[in-house]
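Peer 1: Mind looking over this structure? Questions follow.
The values are calculated or read from the model by the stated rules, or taken from the named source; none is laboratory data. If you're wondering where the values come from, they're calculated on a predicted model, not measured in any experiment. Counting neighbours? That spans all protein chains shown, and the Cβs are built from the backbone with ideal geometry, glycine included. The accessibility values were calculated without ligands, DNA or RNA, using every heavy atom of the protein model including side chains. Shrake-Rupley method; radii C 1.70, N 1.55, O 1.52, S 1.80 Å.
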Amino acid sequence: MRSRVAQYWTLTKPRVVALIVFTALVGMFLAVPGLPPWRETVFGLLGIWLAAASAAAINHVLDQRIDALMARTHDRPLPTGGLKTSQAVVFALALGLSSMAILVFLVNPLCALLTFASLIGYAIVYTGWLKRATPQNIVIGGIAGAAPPLLGWSAITGMHGEYDWAYALTLVLIIYLWTPPHFWALAIFRREDYAKAMVPMLPVTHGVTYTRWQILFYSVLLVLATLLPFALAMSGIFYLGGALVLGAVFLWYAWRMLDPPDEFFAMRMFQYSVVYLMALFAFLLVDHWLMPWLQAAPAVEFRPVG
């Protein structure tokens, strides 16, 4: 029984979904001055998590032929026969329908609509078509994976505020520009697998050198985009300092990728990119919520004894 549960849990890509939910949570906190309302926060996160898990399960179904050929994915539940395709499809549909019901009736219809569009964009448009159609699959399809902060923001405000769209889409832009260097670093390391599976990833179709320059180009755009929250007065100096330090390290990795010390360096950049995004959004959260609270706290006055 535990083994079967573990197989279904694997279908949800828990580590990827955790990052999605975290960036959605940051979007929720940034949407209001204080704490977001508990109902929209709890049910919004639950609905977004279920939708992301559903998209991940659909990805497993559509990619099972590719997964069976690649060293990184050959031990997933469908290639190994741990689960049947029909079981994965039913599981994905159950998660997706549950997500929509929660978001429509317990959050708001706009959040449900945006979440559904993101689910379809990743699971169907990207996985089912773009991934196999063009080496720009990550660039075109990246907008679906970049949506979580917008989903979280819309869950709290319904996008009725004057600057809601501008602020939320700024966060979307950051994740959108982060996606190509993040995924192309992995694609360079796994390029032989992608070639064997006949997936036209950029290192396969245009070569490693070209891909490395593209990683640097998008990394520069990414670091510039991370300055926008400060420029738009969404965040303060604490976030800016964190973004500059994190961005400097990211650019170092991207520059070093042009002449890496070894083959595994691409994987080290991929791993850092995950830490980078989590830390960047953590700085946004701390700057927005904790720093004003700390600044407003009364100062402790020390007086000499006697």
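Peer 1: Which residue, Leu290, Leu119, Leu106, has the most motion in a Gaussian network model of the chain that connects Cα atoms within less than 10 Å?
Peer 2: Top of the fluctuation ranking is Leu290.
Peer 1: Using a 1.4 Å probe, what is the accessible area per residue for the chain, in Å²?
Peer 2: 48
Peer 1: Still on this structure: How far is the Cα center of the range 133-155 from the Cα center of the range 183-224, in Å?
Peer 2: Here the two parts' Cα centres lie 18 Å apart.
Peer 1: With a/c under 1.5 counting as rounded, go ahead and sort the chain into rounded, prolate or oblate using the C-alpha gyration tensor (a ≥ b ≥ c being the square roots of the eigenvalues; past the cut-off, prolate if a/b is larger than b/c, else oblate).
Peer 2: oblate
Peer 1: Could you work out how far the C-alpha centroid of the range 33-106 sits from that of the range 241-267, in angstrom?
Peer 2: 31
Peer 1: Can you tell me the FRET efficiency between Ile120 and Leu221 if r is taken as the Cβ-Cβ distance and R0 is 22 Å, rounded to the nearest 0.05?
Peer 2: Step by step, r from the Cβ atoms, then E = 0.25.
Peer 1: While we're on this one: Tell me, what % of the accessible area of the chain is carbon and sulfur with a 1.4 angstrom probe?
Peer 2: 70
Peer 1: To continue, here is another question. In deg cm²/dmol, rounded to 500, what helix-only [θ] at 222 nm does the chain give when every DSSP H run of at least 4 residues adds -39500 (n - 2.57) and the total is split over its residues?
Peer 2: Computed mean residue ellipticity for the chain: -23000 deg cm²/dmol.
Peer 1: Further question on the same structure: Loop by DSSP (not H, G, I, E, B), at most 12 other beta-carbon atoms within 10 Å: where is the longest site-free stretch of the chain for trypsin sites (Lys or Arg not before Pro)?
Peer 2: 85-306
Peer 1: Something else: Using 7 Å Cα-to-Cβ label points, what is the Thr80/Leu244 separation (nm, one decimal)?
Peer 2: 4.8
Peer 1: Next up: Compute the helix-to-body angle for 164-189: its Cα long axis versus the longest principal axis of the chain, expressed 0 to 90° and rounded to tens.
Peer 2: Roughly 40 degrees between the two axes.
Peer 1: Taking chymotrypsin sites (Phe, Trp or Tyr not before Pro) as candidate sites, keep only those in a DSSP loop with at most 14 other Cβ atoms within 10 Å, then name the longest stretch of the chain containing none of them.
Peer 2: Formally, the longest exposed-site-free interval is 1-162.
Peer 1: If you fit an axis through the alpha-carbon atoms of helix 148-157 and take the longest principal axis of the Cα set of the chain, what angle between them do you get, 0 to 90°, nearest 10?
Peer 2: 50
Peer 1: Cross-link partners among lysines for Lys131, C-alpha distance below 22 Å, same-chain residues fewer than 8 apart left out?
Peer 2: Lys13, Lys196
Peer 1: Helix 265-285: angle to the longest alpha-carbon principal axis of the chain, degrees 0 to 90, nearest 10?
Peer 2: 30
Peer 1: Another one. Quick one: putting +1 on the C-beta of Lys and Arg, -1 on the C-beta of Asp and Glu, what dipole do you get for the chain around its Cα centre, in Debye to the nearest 20?
Peer 2: Charge dipole of the chain: 820 debye, to the nearest 20.
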